Ligand SMILES: [Zn+2]
Ligand SMILES: [Zn+2]
C-alpha cells in the first residue's frame, strides 16, 4: 500500500500504485524503460502525477554526455537516474503538514528547489544554491533540481517541494503548462536585467524555445521594439507571431549593423543572448548602446571571445543567468493564463512516454521542424512505426 507517515492521499479519485513506469539512463545515449517505486513526499513536498513533460536541449545533453546532471558527485549514467525537468501534472498526495495545495490540483513545476538556507537561496537565487547537488547521504541539504541532481519527469510520478509548484488554470492545456518554466527562464533573464523594459529596446538572439518565449515575455512587458535574430526563417516567422517587431536573418546581413539601423544608429538597451554561438557575446555587446545590458542565457560549448575593452569603455553590463530564479515562473504563468502570448506556438509534437526514444529523436534532429516535443504518460496512444 502506497503511503508514509503523515502523508495524505485520496484513494478513490487518485489511486497511487506502489511502482511506476520510469525512463532511466544506462550508458551514454541510452534511455530505457524501467519500474521504480513511486516516491513518497516528505515535509513541504507533494507527489505530482506527471501528465506531460517537454523535452529540453539540456535533457539531450544529459542523455548523451551526462553533464550538467550530477548524481552523488558523478555523471548520471547507470545510476537508475530519471532525467526530464519541464513537467506538469496533478497533485495526488500531500506530504506531512502540507496545506498549500490540494489533491486534484493541476500544477506545473520549476526545476530548482534550493536548500532554502544558504545565502543565495535566502536572496531568491535558488537556481544558484550554494548547496547545489548536495542531495544524498550525510550531506543531503534538501536541495533538489529535478532531472539534474534528483530524479526528474520522464516517469509517471515525482515528488516536488511546494516551493517549486505553480498552480495553473483549467483552461491551460497540459502541453502549454510544460512551457511555463521555459517562459519563466526568459522572464528571469529580463528580471535580472532590471525588469522595467516597457518602452525599452530589446534584441533576442537565437530563436530556440527560450529565445522565442523571450520575445513573447519582452513584448508582454512592453518592450519596444523587440528584435529577434537567428538563422532559420521558419523560426523567425514564429518569433514574429509571438510579438517580434523586427526579425533579422544573420545569414543575410550584418546583424550588428542591422540592429543599429533599426535604432537610429544607436544600438538597443538590452540584449538577451539565447544562441550560444561563438561570436554571440561580442555581437551582443556591439549591439547594445552605452550603458546597455546583456543577459547571457545560453550555454556555449566552447570558450567564448569577449571584447573586454569595448565593454569597459561603454559601461556595458553582462549578466549570466541560470534557470528560472526569483519566482519568475509565477510571473510567466500569469502572462500565459491571461493569454498575453500564445506559448503553444512553439509546441510542435506530442508522443506517448513509451515512445520517448522517438520523441528524443524528433527533438534532437528537429524532425518535421520540431521545436518543443512533449511526452505524455497517459492519454496518448503509443505508435510504433514499423519501418523505423
Ligand atoms: Zn529545460
Ligand atoms: Zn541554497
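Please go through (1) at negative phi; (2) away from ligand 1 (no atom under 16 Å from the Cβ) for residue 133 and return the number of the only condition it doesn't satisfy.
Evaluating residue 133 over (1) at negative phi; (2) away from ligand 1 (no atom under 16 Å from the Cβ) leaves (1) as the failure.
Of all residues in the range 298-311, which are closer than 19 Å to residue 190 by Cα and at pLDDT 95 or above? I'd like the intermediate steps shown before the answer.
First, pick out the residues of the range 298-311 that are closer than 19 Å to residue 190 by Cα: 298-299.
Scanning the range 298-311 gives no hits.
The rows are residues; the columns are (1) surrounded by fewer than 24 Cβ atoms within 10 Å (Cβ to Cβ); (2) at pLDDT 95 or above; (3) away from ligand 2 (no atom under 16 Å from the Cβ).
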| residue | (1), (2), (3) |
| --- | --- |
| 175 | yes, yes, yes |
| 178 | no, yes, yes |
| 186 | no, yes, yes |
| 190 | no, yes, yes |
| 196 | yes, no, yes |
| 207 | no, yes, yes |
| 213 | no, yes, yes |
| 217 | no, yes, yes |
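What number of residues in the range 69-88 are under 21 Å from residue 161 (Cβ atoms) and surrounded by fewer than 15 Cβ atoms within 10 Å (Cβ to Cβ)?
Residues meeting the conditions: 1.
In contact with a strand residue (DSSP E or B) (Cβ under 7 Å, 6 or more places away or on another chain) and more than 18 Å from residue 212 (Cα to Cα) - does that describe any residue in the range 254-264?
yes
Residues that are under 22 Å from the mean Cα position of the chain (by Cα): find the helices (runs of 4 or more DSSP H) completely inside the range 230-331 holding 2 or more of those.
In the range 230-331, the matching helices (runs of 4 or more DSSP H) lie at 233-241, 280-287.
If you check residue 145 against the conditions, is it assigned to a strand (DSSP E or B), within 16 Å of ligand 1 (Cβ to nearest atom) and within 16 Å of residue 41 (Cα to Cα)?
Answer is yes for this residue.
Take the range 123-160 and flag every residue that is over 20 Å from the mean Cα position of the chain (by Cα) and more than 8 Å from ligand 2 (Cβ to nearest atom).
123, 134, 135, 136, 137, 138, 139, 140, 142
Kindly indicate the residue of the range 328-349 that is touching a strand residue (DSSP E or B) at 6+ places or on another chain (Cβ under 9 Å) and closer than 21 Å to residue 146 by Cα and also surrounded by the most Cβ atoms within 10 Å (Cβ to Cβ) among those meeting that condition.
332
Mind telling me which of the residues 76, 37 ends up being more than 27 Å from residue 330 (Cα to Cα) and within 16 Å of ligand 1 (Cβ to nearest atom)?
Numbers: 37 fails: within 16 Å of ligand 1 (Cβ to nearest atom).
Step by step, each of 76, 37 is checked, and only 76 is more than 27 Å from residue 330 (Cα to Cα) and within 16 Å of ligand 1 (Cβ to nearest atom).
Out of 187, 172, I need the residue that is within 16 Å of ligand 1 (Cβ to nearest atom), touching a helix residue (DSSP H, G or I) at 6+ places or on another chain (Cβ under 7 Å) and touching a residue at least 60 places away in the same chain (Cβ under 8 Å). Which one? Spell out the reasoning first.
On the way: 172 fails: within 16 Å of ligand 1 (Cβ to nearest atom).
On inspection, the qualifying residue turns out to be 187.
Got a number for residues in the range 359-372 being in contact with a helix residue (DSSP H, G or I) (Cβ under 9 Å, 6 or more places away or on another chain) and in a helix (DSSP H, G or I)?
9
Please verify whether the range 65-82 includes one or more residues that are more than 24 Å from residue 182 (Cβ to Cβ) and within 16 Å of ligand 2 (Cβ to nearest atom).
No, because not a single residue in the range 65-82 is more than 24 Å from residue 182 (Cβ to Cβ) and within 16 Å of ligand 2 (Cβ to nearest atom).
Yes or no: the range 89-96 includes at least one residue that is under 21 Å from the mean Cα position of the chain (by Cα), surrounded by fewer than 20 Cβ atoms within 10 Å (Cβ to Cβ) and under 30 Å from residue 301 (Cα atoms).
Checked against the condition, which is being under 21 Å from the mean Cα position of the chain (by Cα), surrounded by fewer than 20 Cβ atoms within 10 Å (Cβ to Cβ) and under 30 Å from residue 301 (Cα atoms), the range 89-96 yields no hits at all.
How many of the residues in the range 70-108 are modelled with pLDDT under 95 and touching a helix residue (DSSP H, G or I) at 6+ places or on another chain (Cβ under 9 Å)?
1
Just give me the residues in the range 109-125 being away from ligand 1 (no atom under 16 Å from the Cβ) and either touching a helix residue (DSSP H, G or I) at 6+ places or on another chain (Cβ under 9 Å) or part of a loop (DSSP other than H, G, I, E, B) (or both), in sequence order.
114, 115, 116, 117, 118, 120, 121, 123, 124, 125
Pairs needed: first member in the range 51-62, farther than 16 Å from residue 24 by Cβ and within 16 Å of ligand 2 (Cβ to nearest atom); second member anywhere, modelled with pLDDT under 95 and not in a helix (DSSP H, G or I); C-beta distance under 8 Å; at least 6 residues apart or different chains.
The qualifying pairs do not exist here.
Kindly check whether there is at least one residue in the range 64-75 that is under 20 Å from residue 363 (Cβ atoms) and in a strand (DSSP E or B).
The answer is no, given that none of the residues of the range 64-75 is under 20 Å from residue 363 (Cβ atoms) and in a strand (DSSP E or B).
Does residue 222 count as out of contact with any helix residue (DSSP H, G or I) (no Cβ under 7 Å at 6 or more places or on another chain), outside any strand (DSSP E or B), touching a residue at least 60 places away in the same chain (Cβ under 8 Å) and over 28 Å from residue 70 (Cα atoms)? Break it down stepwise before answering.
Values: out of contact with any helix residue (DSSP H, G or I) (no Cβ under 7 Å at 6 or more places or on another chain): yes; outside any strand (DSSP E or B): yes; touching a residue at least 60 places away in the same chain (Cβ under 8 Å): no; over 28 Å from residue 70 (Cα atoms): yes.
Here the answer is no, as residue 222 does not meet what is asked.
The values are calculated or read from the model by the stated rules, or taken from the named source; none is laboratory data. Owing to the predicted nature of the structure, the values given are computational and were not obtained by experimental measurement. When we count neighbours, we look across all protein chains shown, and the Cβ atoms used for this are built from the backbone with ideal geometry, even at glycine.
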